[in-house]
Amino acid sequence: MPVFKPFRGVRPHPDYISKFPTQPLDNFTQEEINKKATEDSSYIQMIKPYACSKSKDVDRNLRKVRSNYEEMLAENKLLQDASSYYLYQQILPNKTVFRGLLGLANVEDFWNGKIKKHESTLTYKKEKLAHYLEKVSLQAEPVLLTYQANSKIELLMNHEEKNVPVVNYTDDEGVKHKVWRIDNRLKLQQFKEVIDQIDSFYVADGHHRIGSAALYAQKYKDKNKRHTGNESYNFVYSFIVSNQSIKINDYNRIIKDLNGLSDSEFLQKISENFLIHEKNDTAYYPSQKFHISMYLGGKFYSLHVKHNLRDLDQGLDNVDHHLLDKYILNPLLGIEDYEEENSKMAFLKGTSSIEGIMALKEKVDSGEFAVGFGIYPVSFSDITKLGNQNLKMPPKCTYIEPKLITALIMYDMD
């Protein structure tokens, strides 16, 4: 079974809980980040030397981030707990509830396959994040891991929710956040015993974060001749949730040009492997697996993967993102290297509804992109089957909720 252990979490003092945590930086434009960095005692202000500085001395900027963090600890704006698990619950404005446990997963379980991944990653992103960890020694955004639901874990969490949370606030987007700290020795043992019954974790969100933690750990492991596996660098801050407490949305693609093809030529080539149904101006959200939505030249199309191309053995040819790559993006549009995705392609988070498709349409109608593809969401079953077979989808195939805020609880590796 994979390791999942308690840790000494660092959290904002109650006086700062409404202002310190933040949405992930990827959610903001640079202009928005610069503005938020002026807000006193916020996480973004703490990392301002890294997030906003125009200086090219990255290491100096990162050292300043660490210094800012230590100052906030000394001023008691941040508090460090005794070793604990944390029960974390999100309640969305539509009353959807997500909950799970915050703790530390072992990087070695990621290497040995007890923590299974289902997506490929971008090397440059992992290297950049690993360098950040090396200089700042702080993990502020957990990796989202999922597992097959376990009734005993649910029961323990139900009992814990009867206590008073240490964090209880509603953010600017109307999401309520509750955190219960579990530090009683008996309770810790009870949670450990049921968590130890989990055979595998599956990376739901945060492939790059766990990949960067693995890079960082490998570097220090190679330097440490007395490595035991219990070192702080050997763990990654994680949020474990059952498959019953996640929602998997679509993750769509928008492409900048047709690689020299006209619209009619492109459609003709697609028809070799897909049945094409023209929807005109009626927005189309894929109704099932092997159905892909396409927006091209002001019209919507439904693309149905031909039956002889579908993999009955549940391999990668059972995944629409892979089939899109295999029969359209790679051979027709010349997109083969996801490391270069910014030059030809962008990713667009979906909503499991027509709203995500309309966002795709808006991007294409702007003229910046030539064609967009809306893809039916990957299932939890697909994630586990691919993980168990050690097969990886292309990057950014799953947009999974809950989306965690940054710096609600942090892991200090020093």
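Here are a few things to note about the model shown:
- Exposure here means at most 11 other Cβ atoms within 10 Å; with trypsin sites (Lys or Arg not before Pro) in a DSSP loop as sites, the longest stretch of the chain lacking them is 227-414.
- Separation of the Ser55 and Glu154 label points, Cα + 7 Å toward Cβ, nm: 5.2 nm
- Taking all protein chains as shown and a probe of 1.4 angstrom, Ser366 keeps an accessible surface of around 80 Å².
- Computed from Cα atoms, the angle from the helix 185-195 axis to the main principal axis of the chain rounds to 20 degrees.
- Protein accessible area in the chain, 1.4 Å probe - carbon and sulfur %: 46 percent
- Over region 215-347, relative contact order from alpha-carbon pairs under 8 Å, at least 6 apart, %: 23 percent
- Amide H to amide H, with H built 1.01 Å from N, Leu348 comes under 5 Å of Asn252, Arg253, Ile254, counting only residues 5 or more places away or on other chains.
- Accessible surface calculations at 1.4 Å, restricted to protein heavy atoms, place the chain at 46 Å² per residue.
- Amide H contacts of Leu138: Met413, each under 5 Å away and 5 or more positions distant or on a separate chain (H built 1.01 Å from N in the peptide plane; Pro and chain starts excluded).
- Of every Cα-Cα pair in region 170-303, the percent that sits beyond 25 Å: 60 percent
- Applying the Karplus relation 6.51 cos²θ - 1.76 cosθ + 1.60 with θ = phi - 60° to region 24-41 yields 3J(HN,Hα) values of x, 4, 4, 7, 10, 7, 4, 4, 5, 5, 4, 5, 5, 5, 8, 7, 5, 6 Hz, where x marks Gly and Pro.
- Among the GluC sites (Glu not before Pro) found in region 342-414, those both in a DSSP coil and sparsely packed, with 14 or fewer other Cβ atoms within 10 Å of their Cβ, are Glu368.
- Cα long-axis angle, helix 354-365 against the chain (0 to 90 degrees, to the nearest 10): 70 degrees
- Euclidean distance between Cα centres, region 199-236 to region 248-299, Å: 40 Å
- ³J(HN,Hα) computed for each position of region 55-66 - Karplus, 6.51 cos²θ - 1.76 cosθ + 1.60, integer Hz, glycine/proline x: 5, 8, 7, 4, 4, 5, 4, 5, 4, 5, 4, 4
- Annotation for region 45-98: GluC sites (Glu not before Pro) lying in DSSP loop with at most 11 further Cβ atoms inside 10 Å of their Cβ are Glu75.
- Gaussian network model of the chain, springs between alpha carbon atoms under 10 Å - residue of Pro12, Pro394, Pro331 with greatest fluctuation: Pro331
- Counting Cα-Cα pairs of region 7-58 in 5 Å increments starting at 0 gives whole-percent bin shares of 4, 20, 27, 21, 16, 8, 4, 0.
- DSSP bridge orientation in the chain - percent antiparallel, rounded to nearest 5: 90 percent
- Karplus-based coupling profile of region 214-225, in residue order and whole Hz: 5, 4, 4, 5, 4, 4, 6, 4, 5, 7, 9, 5, with θ = phi - 60° in 6.51 cos²θ - 1.76 cosθ + 1.60 and x standing for Gly or Pro.
- Folded to 0 to 90 degrees: helix 151-160 orientation relative to the chain principal axis, Cα: 50 degrees
- Based on C-alpha pairs under 8 angstrom that are at least 6 apart in sequence, the chain has a relative contact order of 25 percent.
- Projected onto planes of every orientation and averaged, the convex hull of the alpha-carbon atoms in region 137-244 covers 9.0 nm².
- Candidates Gln45, Val319, Thr351 compared by Cα position along the dipole of the chain: farthest toward the positive end lies Gln45, with charges placed on Cβ.
- A probe of 1.4 angstrom, applied to the heavy atoms of all protein chains, finds Met393 with accessible area near 0 square angstrom.
- Tensor-based shape of the chain (alpha-carbon gyration tensor, a/c under 1.5 rounded, otherwise prolate or oblate): prolate
- Computed over the chain, the per-residue total of -39500 (n - 2.57) for DSSP H runs of n ≥ 4 gives a 222 nm mean residue ellipticity of -8500 deg cm²/dmol, rounded to 500.
- For the residues Thr123, Thr228, Thr146, a GNM of the chain with alpha-carbon springs under 10 Å puts the largest fluctuation on Thr228.
The values are calculated or read from the model by the stated rules, or taken from the named source; none is laboratory data. Remember, it's a predicted structure, so these values are computed and weren't measured experimentally. Glycine gets a Cβ as well: all are built from the backbone with ideal geometry, and neighbour counts include every protein chain shown. Only protein heavy atoms, including side chains, enter the accessible area calculation; ligands, DNA and RNA are left aside. Shrake-Rupley method; radii C 1.70, N 1.55, O 1.52, S 1.80 Å.
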